[in-house]
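Right, one structure below, let's go through it.
Just so it is clear, none of the values below were taken in a lab; they were calculated from the coordinates. It should be emphasised that the depicted structure is a prediction, and the values quoted were computed from it without experimental measurement. Counting neighbours? That spans all protein chains shown, and the Cβs are built from the backbone with ideal geometry, glycine included.
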Amino acid sequence: MKNKYKKTLLACYLGFITQAISANFAPLLFITFYKTYNISFGELALIPTCFYVTQILIDFACTKFVDKIGYRISIILSEITSAIGLIGLAFLPNILPYPFIGIIICTIVYAVGSGLIEVLCSPIVESCPFENKEGMMSLYTRFIVGELWELY
């Protein structure tokens, strides 16, 4: 396997990790949101709802614009929006007068990135010339840690 394809595979694996963080980070903070910002249970239930609805809408919309702007720009955009949304989650609820709005805005922003990652990473891995594509699609922690160590 050529080195550039190893880096592509590693980038896709890191994209899948970013997607997992995006999907699971806000629910881990529900108790914090409830105690710190006095957000009701009904509003807490809207956070994952907004995340998954946004992600599905991006999945459908992605088919229209990715071919026009390209896979590389789209995947970079996915990582940027995921990072902005997750970083914004630390600041925006404290800045806005109603913290729940800040949480929802950040959730929608990182859901856009997560939706793009979901749609783009698998075809990128499939298009690379690997001998064992089924094995490459599986995430192995050992492989990821070994590749990260090898790159640095």
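Full extension of the chain between residue 52 and residue 65 gives 2.7 nm of extra length, using 0.36 nm per residue less the Cα-Cα distance.
Sorting 40, 82, 74, 122 on the 10 Å Cβ count, fewest up front, what's the list?
40, 122, 74, 82
Remark: 75, 84 ranked as 84, 75, counting other beta-carbon atoms within 10 Å and listing the fewest first.
Cα-based count: Lys pairs in the range 3-151 below 25 Å, eight or more positions apart or different chains?
Lysine pair count for the range 3-151: 5.
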